[in-house]
1. Looking at the structure I just gave you, is residue 122 open to solvent by less than 80 Å² (accessible area, probe 1.4 Å), assigned to a loop (DSSP other than H, G, I, E, B) and either closer than 16 Å to residue 20 by Cβ or of a type outside the set (Gly, Ala, Ser) (or both)?
2. Would you confirm whether any residue within region 86-98 is open to solvent by 20 Å² or more (accessible area, probe 1.4 Å), without any contact (Cβ under 8 Å) to a residue 12 or more places away in the chain and assigned to a loop (DSSP other than H, G, I, E, B)?
3. Return yes or no: is residue 99 out of contact with any Phe, Trp or Tyr (no Cβ under 6 Å at 6 or more places or on another chain), closer than 16 Å to residue 60 by Cα and small (Gly, Ala, Ser)?
4. Report yes if residue 6 is at pLDDT 85 or above, open to solvent by 40 Å² or more (accessible area, probe 1.4 Å), of a type outside the set (A, V, I, L, M) and more than 19 Å from residue 122 (Cα to Cα), otherwise no.
5. Can you tell me which residue is surrounded by the fewest Cβ atoms within 10 Å (Cβ to Cβ) among those in region 63-85 that are among the aliphatic types (A, V, I, L, M) and either under 16 Å from the mean Cα position of the chain (by Cα) or not in a loop (DSSP other than H, G, I, E, B) (or both)?
6. Looking at residue 55 and the list (1) open to solvent by less than 70 Å² (accessible area, probe 1.4 Å); (2) closer than 26 Å to residue 119 by Cβ, which single condition is not satisfied?
Amino acid sequence: MAHRQRTPTDPDATGGRAVKTCSSCGRRIEWRAKWANNWDSVKYCSAACRAHGVSATDLRLEETIVTLLSARATDATICPSDAAKEVGGEGWRELMEPARRAARRMVARGELQITQGGAVVDPSTAKGPIRLRRVR
């Protein structure tokens, strides 16, 4: 018989561990056995995120998202490309993934919601076009 892997829907899948989000990309950090002894100090989901960290551009994108949302109606949304265009100018396309990372970090802090088709979605699993809005 094959080994059955636990899924996040199992009630004891977290084993009492706190749910964490990556400090760089904002995605949910999946617990790994090799982190059992130092789970409390884990900040990044991967070596790539640890190497990237959070740059000054990432912080500018977060500030720009807040500024763009505050300039609009309370129930309005923006696209991450709006922030990327504001910060990056002509080279805005290369800032699209950093803008999405900034939005996921803001969701993890409770400052923002990510929607698709008007419904709030999990930022760790959202694929395709997303919209950003204030927390309601």
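The values are calculated or read from the model by the stated rules, or taken from the named source; none is laboratory data. This one's a predicted model, so the numbers in the text were calculated from it and none came from an experiment. When we count neighbours, we look across all protein chains shown, and the Cβ atoms used for this are built from the backbone with ideal geometry, even at glycine. Areas reflect the complete protein model, heavy atoms only, side chains present, ligands, DNA and RNA absent. Shrake-Rupley method; radii C 1.70, N 1.55, O 1.52, S 1.80 Å.
1. Details: open to solvent by less than 80 Å² (accessible area, probe 1.4 Å): yes; assigned to a loop (DSSP other than H, G, I, E, B): yes; either closer than 16 Å to residue 20 by Cβ or of a type outside the set (Gly, Ala, Ser) (or both): yes.
For residue 122, the condition - open to solvent by less than 80 Å² (accessible area, probe 1.4 Å), assigned to a loop (DSSP other than H, G, I, E, B) and either closer than 16 Å to residue 20 by Cβ or of a type outside the set (Gly, Ala, Ser) (or both) - is met.
2. no
3. Working: out of contact with any Phe, Trp or Tyr (no Cβ under 6 Å at 6 or more places or on another chain): yes; closer than 16 Å to residue 60 by Cα: yes; small (Gly, Ala, Ser): yes.
When the stated conditions are applied, residue 99 passes them.
4. Working: at pLDDT 85 or above: no; open to solvent by 40 Å² or more (accessible area, probe 1.4 Å): yes; of a type outside the set (A, V, I, L, M): yes; more than 19 Å from residue 122 (Cα to Cα): yes.
Criteria not met by residue 6.
5. Restricting attention to region 63-85, the residues satisfying the condition of being among the aliphatic types (A, V, I, L, M) are 65-66, 68-69, 71, 73, 76, 78, 83-84.
Of the ones still in play, those that are also either under 16 Å from the mean Cα position of the chain (by Cα) or not in a loop (DSSP other than H, G, I, E, B) (or both) are 65-66, 68-69, 78, 83-84.
Numbers: 65: 24, 66: 15, 68: 17, 69: 21, 78: 18, 83: 29, 84: 24.
Step by step, filter region 63-85, then rank; the result is 66.
6. Unmet condition: (2).
Table: residues versus (1) touching a Leu at 6+ places or on another chain (Cβ under 8 Å); (2) modelled with pLDDT of 90 or more; (3) within 22 Å of residue 28 (Cα to Cα).
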| site | (1), (2), (3) |
| --- | --- |
| 65 | yes, yes, yes |
| 79 | yes, yes, yes |
| 88 | yes, yes, no |
| 102 | yes, yes, yes |
| 112 | yes, yes, yes |
| 120 | no, yes, yes |
| 136 | no, no, yes |
